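Enquirer: Attaching a single structure in structure tokens format; questions to follow.
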Amino acid sequence: MLVSAVVCGYSMERDEAIAACIESLLSQTYDPLEIVVVVDGNPSLRAFLEERFGSDTSMRIFENETNRGISYSRTQGGELADGEIVAFIDDDAVAEPDWIERLVETYEETDAIAVGGFVAPNWVDAKPTFFPEEFYWLVGCTERGFAEDGEEVRNTYGSNISYRREAFLAVGGYDVNTGRKGDQHVQAHEAPVGIRLRNEYDQGMIYVADAVVHHTLFPYRGEFHWLVSRSFWQGFSKRVMDTLYPETYGNERTYLRDLFARHLPRRVRKAFLGPSFTQLQQIVAILVFTGAVFLGYVYAMTKRDLRREAEE
């Protein structure tokens with residue numbers, strides 16, 4: 001089956017990152033594969049990519065006239081694609097050579113309509129000692145305890161996610177009211193697609209642990225104040241999701257239960273049995289990040305016209 005790998009870019013600050021991403025797609029072991037690049041309103045970036053990759057016949061480059069956001073661009077990429085499967089990867093991620101091959105195996109062996117894989121952190125600087133793996137989702141990576149290999153989930157993360165193209169487009173693709181657009185803070189644009197797929201087809205997404213993508217984490221993503229701010233706006237985004245899609249609540253409730261019933265007590269025991277400054281740092285970080293998420297959620301609740309604001 002033909003697979004279309006879609007990558008969207010919008011900033012010249014990430015020119016080398018998106019080039020590395022595309023090079024990893026060109027090195028995939030799976031064939032047939034086409035690469036669809038959507039540039040979100042940046043002629044300079046398009047020119048850079050055309051100069052670097054324009055001679056490759058397996059790749060097509062498109063550009064939005066203006067910045068329309070990641071959700072619009074990804075949906076457009078799905079519409080422009082020719083593949084039976086459409087696989088999405090972030091512009092600052094690099095795929096393992098067998099990434100597409102591992103995804104396709106699941107489609108070929110099952111009736112899956114969506115398959116996602118593992119997003120590994122690729123720290124440009126050293127990983128901060130205070131940053132707990134339970135909160136890797138803050139930086140778009142797969143957190144500890146996410147799912148078992150082969151388990152059905154609502155969605156994986158945007159750096160490593162794929163759909164049967166026909167089903168993806170049938171449910172409307174990504175919701176343009178969510179996802180990154182300039183300085184817009186509403187995140188979690190994968191969740192609505194998963195919800196609509198389940199409602200329409202009564203199927204979730206299959207998680208494949210050995211389909212691996214490495215998400216580049218630039219130095220600012222390891223700064224404590226940035227992570228606290230990110231937590232706050234994730235809480236805000238969660239409230240938006242609950243407003244637009246009430247069905248999103250279950251996954252987060254399960255996460256919180258596991259966090260406070262399993263992961264945090266385990267860390268506390270380790271801290272007492274073998275005193276560790278790193279363990280104590282990470283316990284504090286878990287509490288601070290959770291508190292920031294809660295505050296962001298409460299702040300969003302004060303917005304009377306939250307639905308209208310999200311849809312503007």
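What follows is calculated from the coordinates using simple rules that are stated; it is not laboratory data. In this text the structure is predicted, and so the values were computed from the model without any measurement. With ideal geometry, Cβ positions are generated from the backbone for all residues, glycine too; neighbour counts draw on all protein chains shown.
Enquirer: Could you line up 297, 157 from fewest to most neighbouring Cβ atoms inside 10 Å? Can you show the working numbers first?
Expert: Numbers: 297 19, 157 24.
In order of increasing Cβ crowding within 10 Å: 297, 157.
Enquirer: Report the residues of the stretch 117-160 in range of a label on residue 270: point 7 Å along Cα→C-beta, backbone N strictly under 14 Å from it.
Expert: Output list for this probe position: 129-136, 144-145.
Enquirer: In terms of modelled amide H atoms, which long-range or inter-chain residues lie less than 5 Å from the amide H of residue 209?
Expert: 150
Enquirer: Further question on the same structure: Out of all DSSP beta bridges with both ends in the chain, state the antiparallel percent to the nearest 5.
Expert: Working: 12 of 39 bridges.
Close to 30 percent.
Enquirer: Using a 10 Å cut-off around each Cβ, can you sort 298, 94 from fewest to most neighbouring Cβ atoms? If you can, show how the numbers build up before the last one.
Expert: Values: 298 12, 94 23.
Placing the least packed residue first, the sequence is 298, 94.
Enquirer: Using alpha-carbon positions, what is the distance between the centroids of the stretch 118-137 and the stretch 1-77, in Å?
Expert: Taking the Cα centre of the stretch 1-77 as reference, the centre of the stretch 118-137 is 26 Å away.
Enquirer: Continuing with this model, one more query. Among 13, 166, 101, whose mean-square fluctuation peaks in a Gaussian network model of the chain (Cα, cutoff 10 Å)?
Expert: Taking springs between Cα atoms under 10 Å, the residue moving most is 13.
Enquirer: Here is a follow-up. Which aspartates and glutamates, on any chain, are close to residue 270 with Cα under 19 Å apart, when same-chain ones fewer than 8 places away are left out?
Expert: The qualifying aspartates and glutamates are 133, 134, 258.
Enquirer: Rounded to two decimal places and with Rh computed the Kirkwood way over Cα pairs, what is Rg over Rh for the chain? Display every interim value, and only then the final one.
Expert: On the way: Rg = 19.3 Å, Rh = 20.0 Å.
The Rg/Rh ratio comes out at 0.96.
Enquirer: Which of 118, 218, 294 moves most in a GNM of the chain, Cα contacts under 10 Å?
Expert: 218
Enquirer: Here is a follow-up. Kyte-Doolittle cut-off -0.5, length cut-off 18 Å along the helix's own axis using Cα: show which whole DSSP H helices in the chain pass. Don't skip to the end; give the middle numbers.
Expert: Values: long enough: 224-244 (30 Å, -0.10); 277-301 (36 Å, 1.50).
Flagged H segments are 224-244, 277-301.
Enquirer: Just grab the label-to-label distance for residue 294 and residue 209, each label 7 Å out from Cα along the Cβ direction, in nm (one decimal).
Expert: 3.2
Enquirer: Okay, next question. How would 60, 269, 230 line up from fewest to most surrounding beta-carbon atoms within 10 angstrom?
Expert: Numbers: 60 16, 269 11, 230 21.
In increasing order of surrounding Cβ atoms, one gets 269, 60, 230.
Enquirer: How many nm is it between the label spots at residue 60 and residue 257, if each spot is 7 Å from the Cα in line with the beta carbon?
Expert: Label at residue 60, label at residue 257, 4.5 nm between them.
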